[in-house]
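Data block below; observations after.
The values are calculated or read from the model by the stated rules, or taken from the named source; none is laboratory data. All figures in this text were calculated on a predicted structure; none of them were measured in a lab. When we count neighbours, we look across all protein chains shown, and the Cβ atoms used for this are built from the backbone with ideal geometry, even at glycine. Ligands, DNA and RNA are excluded from the accessible area calculation, which covers all protein heavy atoms including side chains. Shrake-Rupley method; radii C 1.70, N 1.55, O 1.52, S 1.80 Å.
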Amino acid sequence: MDTAEIRRRFVSHFENAGHTAVPSASLLLDDPNLLFVNAGMVPFKPYFLGQETPPYDRAVSIQKCVRTPDIEDVGKTTRHGTFFEMCGNFSFGDYFKEGAIELGWDLVTKPIADGGFGFAEDKLWPTVYDDDAEAVELWRKVTGLPDDRIVRLGRKENYWSMGVPGPGGPCSEILIDRGPDYGPDGDFSAEDRYLEFWNLVFMQDELSAVRSKEDLDISGSLPKKNIDTGMGLERVAYLLQGKQNMYEIDVMFPVIEKAMELTGRRYGAGGSEGHTDDVRFRVVADHVRSSMMLISDGVTPGNEARGYVLRRLLRRAVRSMRLLGFEDRALPELLPISRDKMGETYTELHRDWERISTVAYAEEDAFRQTLRAGTAIFDLATTEVKQSGGSQLSGDKAFSLHDTYGFPIDLTLEMAAEQGLSVDEEGFRRLMGEQRDRAKADAAAKKGQHRDASAYRAVADSLGSPVEFTGYAEVVTEGAVRGIVTAGGVTEAAREGDEIELVLDRTPFYAEGGGQLADQGVIELANGARVEVRDVQSPITGLIVHQARVLSGEVTVGVGAHSLVDVERRRSISRSHTATHMVHKAFREALGDTATQAGSENSPGRFRFDFSATGSVPASVMTDVEARVNDLVLADLSVHAEIMTQDEAVKSGAMALFGEKYGDEVRVISVGDWARELCGGTHAGRSGQLGVIKLLGESSIGSGVRRVEALVGGDAYRFLAREHVLVAQLSEALKVKPEQLPERVNDIVERLRSAEKEIEKVRVQQLLDAGAELAAGAEQVGPVKVVAHRVDGAAGGDVRQLALDVRGRLPGGEPGVVVVIGVADGKVSVVAAANDAARERGVSANALVGAVGPLVGGRGGGKDDVAQGGGSDPSRVDEALALVAAEVGRVAGG
Ligand code: SER
């Protein structure tokens, strides 16, 4: 049964039982605790927690999921996929254990001919959580299986949580016995033998902390008893397709086939080498698919968080192909195969193909460069280790290879092993950990003081309904204080000077999000207290938190609040946001749909816009885009917001934004009928209000991503006005018309250059002219003529030239020695030159430099005839010069 058919049967089975079919949400739902959606229930979390009222009591979905903590296991087991699809049926306070067991068992065991999956009952083993006697009873009743076929397991296996605080509960699973080839009878920890493919969670608890599968804190009961069922699509597919593992199913194996064709190696060839190759083939199939799905949902490769996971997946895929012996660009060969398979369900893969492939291929190219650069560094490091007689590459080196050259540690380990070296992995991990902690601390500092969500959770629970954001329509709002959080946690009151996080029931303050910075302003309380709002964040869905300082009076929960947004700042930020949409659209017109937004920041008067592009954006495109958006500013298009369904939005041509839940209502901002984009931000009323948009420039911020910075409105005007004044001043100073400035400046630069050359010549000449005079004034020290001279403003080459010149002018045949000390820019240059006759008397240029060097704070050396040195202390130059005659006297004085 192919995967598509399994999907169809799952969805229609539950639709027939009154469930609403809900399309998969994006992998990037906005949950502060999760990098990616990692289970089918994630989009429904607010319903389980009672934060939102579900529009249905029963739902069925097939949700895209990504889990990467066990990335190292991919390919080694039969069932670890970084991307997978979860088929789920959900009850929100409707049916509970019995209904869920009946519905599940029915689909699993119903014959294939009747629309089920046709699993043989005698191979199936239901499991229950330890003491869940009720579940045992229900399994017996529904399935007719004897008691000893119902397995009791502990927390590790049969208590489900998201791995982070949130909803959870005991669960019951269905395992399938794959026979004695896969492990001993009755050993339910032999996961390959007793494979779990159906997990039924009795979602009833709220968890405040999850330290491990077994170590967690249940803080209370959920408002209702719910059902969350997950059936791993890939697992069922490989069971029903008679395959050995998930990598061999219909939607994945074609990638392995292509990889075989490219590498000339065979999957399943047997032997230990064959096994290693098999793992690599599976890694390729898995990672190619996962990265494609991630890029499709808007992730771009980077060095942190989601971007880093993607980068790692792409690089591991490429690296595995290399280890299989294929060194050319691999992704352009493999990705389209995965697209053709997954695109049957996820049609956006075809629609967004240009963008997806551009991002992936650019990362492969960057990685190939990394490999080239990093390999050189790696070779150097290993040579050093070997030369010093060591056998271990330091953690430091491994870390810098990773951090600076993007060299994955497994690559370093492998390459080191090839050289017979080990790697200080512990040191490496420690440095990685430190770096991670720094990143976490940064993120926490940015998002608010209380990343431990429990304080927010407590406030949100006490609210009952989400905070109402009134800021689309007004900038002044009446509301009331509903919660106060301080460094110590939730509190009832705060006094003058306190730094607090304030929650109101209604607020016009926009919380930072969607690239738009937060509003600032003041909140006046009914009791006369005043609070200054500096930042606004939404740490959990439905909650808006004002980070504020109490200016005067006392803030208490319950008191009325009169909120006043700083209107100038808001307007200015709104103009930036509208300008960002316009620039986005204009770049897509100019460069094609691959120029998709990858990030943005809208601040007062300026914005930054990141988008995907393969190379630098030509200057002509920048000029055209700027002209285009300014024309549309002049056209004074109206900017309006509409709420519509996701489908309607796509049909209206809105540019997709990532992270929306499908099926949700979305807000679409249109600038005229030209730029249409999903957006939750605030905007100008008409494009004319933007005044003028000035693009400042563009640059690269990572493989395949470009950043444009720009000014809007008054800031753009002031920038241009300043430039105008500058040009006027230059044209006045240079006495030419502005349009002749470039030519004039070129001209001046040219003349300056030749003048400098001229001056240089003269200076050298002067220096040499001084030579004759110096030679004439030589001091007689015993038989030796000595010149010791200081020149200010001369350095190395000039000093040397002068010293040699003077030596040449001393009377031939007589012993003579010259020491010149130049001082320029606080640096001292010493050159000594001795002639043959002097050297015969034991005078050495080298020894002289050695003698005076320490006095000028430096050292140097050379040969007996000419020696040179430098120093950094000009204060004792005269002393040094005096020392010359003394030294000569000491050696040759007699
Ligand atoms: N949430 C459970 C799981 O992910 C069941 O859907 O296994």
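Near the amide H of Phe197, within less than 5 Å, lie the amide hydrogens of Ile174, Ile176, all on another chain or at least 5 residues away, with H placed in the peptide plane.
Here's how it looks for Arg482: its modeled amide H is under 5 Å from those of Val503, Leu504, Asp505, Gly558, which are all 5 or more places away or on a different chain. Per residue, the accessible area of the range 831-883 comes to 46 Å² when a 1.4 Å probe rolls over the protein heavy atoms. Shape summary: the range 773-832 maps onto an equivalent ellipsoid whose semi-axes, from the alpha-carbon gyration tensor, are 22, 10, 8 Å in decreasing order.
Subtracting the Cα-Cα distance of Ser462 and Arg368 from their residue separation scaled by 0.36 nm leaves 28.5 nm.
A probe of 1.4 angstrom, applied to the heavy atoms of all protein chains, finds Tyr267 with accessible area near 30 square angstrom. Listed by chain and number, the aspartates and glutamates whose alpha-carbon sits under 20 Å from that of Lys110, ignoring those within fewer than 8 places in the same chain, are Asp2, Glu5, Glu15, Glu98, Glu102, Glu121, Asp122, Glu173, Asp177, Glu196, Glu234. Backbone geometry of the range 136-142 corresponds, through the Karplus equation with coefficients 6.51, -1.76 and 1.60 at θ = phi - 60°, to 3J(HN,Hα) couplings of 4, 4, 5, 4, 4, 5, 6 Hz, x marking Gly and Pro. How would you classify the range 75-210 from its alpha-carbon gyration tensor, with a ≥ b ≥ c the square roots of the eigenvalues: rounded for a/c under 1.5, else prolate if a/b is greater than b/c, otherwise oblate? Rounded, since a/c falls under 1.5. Beyond a 27 Å Cα-Cα separation, which of these cross-linked pairs lie in this structure: Lys97/Lys213; Lys64/Lys651; Lys213/Lys243; Lys141/Lys225; Lys45/Lys651; Lys76/Lys97? Those over the limit are Lys213/Lys243; Lys45/Lys651; Lys76/Lys97. Set the Förster distance to 22 Å, then compute FRET efficiency between Leu768 and Ile748 from the Cβ-Cβ distance, nearest 0.05. According to the calculation, E is roughly 0.10.
Does the range 206-334 classify as rounded, prolate or oblate by the C-alpha gyration tensor (a ≥ b ≥ c root eigenvalues; a/c under 1.5 gives rounded; else a/b over b/c gives prolate, otherwise oblate)?
Prolate, since a/c reaches 1.5 and a/b exceeds b/c.
For the set Lys585, Lys863, Lys225, solvent exposure ranked by accessible area (probe 1.4 Å, protein chains only) runs largest to smallest as Lys863, Lys225, Lys585. Dimensions of the range 45-135 from C-alpha coordinates, computed as largest minus smallest value along each principal axis and given longest first, are 40, 38, 34 Å. Computed over the chain, the per-residue total of -39500 (n - 2.57) for DSSP H runs of n ≥ 4 gives a 222 nm mean residue ellipticity of -13000 deg cm²/dmol, rounded to 500.
When a/c reaches 1.5 or more, the comparison of a/b and b/c decides; with that in mind, is the range 155-276 rounded, prolate or oblate per its Cα gyration tensor?
Note, shape of the range 155-276 comes out prolate.
Residue-wise HN-Hα couplings along the range 527-544, as the Karplus relation 6.51 cos²θ - 1.76 cosθ + 1.60 with θ = phi - 60° gives them from phi, are 8, x, 6, 10, 10, 9, 9, 9, 8, 9, 10, 10, x, 9, 3, x, 10, 10 Hz; Gly and Pro carry x.
Quick one: compute a quarter of the convex hull surface over the Cα atoms of the range 812-869 and quote it in nm².
Numbers: hull surface 14.8 nm².
Value for the range 812-869: 3.7 nm².
Among 588-595, 683-690, sorting by the average number of other beta carbon atoms lying within 10 angstrom of each residue, highest first, gives 683-690, 588-595. Relative to the longest principal axis of the Cα atoms of the chain, helix 331-342 runs at roughly 20 degrees.
Protein heavy-atom accessible surface, 1.4 Å probe, per residue over the range 101-174: 41 Å². One decimal place: the segment Asp131-Ala635 gains 174.3 nm when fully extended, by the rule 0.36 nm per residue minus the C-alpha distance. Taking a sphere under 11 Å around the Cβ of Ala59 and counting the other residues whose Cβ falls inside, with K and R at +1 and D and E at -1, yields a net charge of -3. Report relative contact order for the chain in percent, whole number only (criteria: Cα-Cα under 8 Å, sequence separation at least 6). Reported relative contact order: 7 percent. The base-10 log of I(q)/I(0) for the range 488-567, evaluated at q = 0.23, 0.26 Å⁻¹, reads -1.10, -1.37 [Debye formula, identical scatterers on Cα atoms, solvent excluded]. Pair-distance distribution P(r) for the range 559-703, from all Cα-Cα distances in 10 Å bins starting at 0: 11, 40, 35, 12, 2, 0 percent.
Where only protein heavy atoms count, and the probe is 1.4 Å, what is the accessible area per residue for the range 236-280 in Å²?
43 Å²
Applied to the range 251-268, the Karplus parametrisation 6.51 cos²θ - 1.76 cosθ + 1.60 on θ = phi - 60° returns per-residue 3J(HN,Hα) values of 8, 10, 4, x, 5, 4, 4, 5, 5, 4, 4, 6, 8, x, 9, 10, 6, x Hz, with x for Gly and Pro.
Just so you know, the Cα atoms of the chain work out to an Rg and Dmax of 37.3, 123 Å. Approximating the spin labels as points 7 Å out from Cα along Cα→Cβ, the Ser422-to-Asp792 distance works out to 6.4 nm. How are the alpha carbon pair distances in the range 748-793 distributed across 10 Å bins from zero to the largest one, expressed in percent? All Cα pairs, binned at 10 Å, distribute as 22, 33, 23, 14, 7, 1 percent. Computed over protein heavy atoms with a 1.4 Å probe, the carbon and sulfur contribution to the accessible area of the chain reaches 48%.
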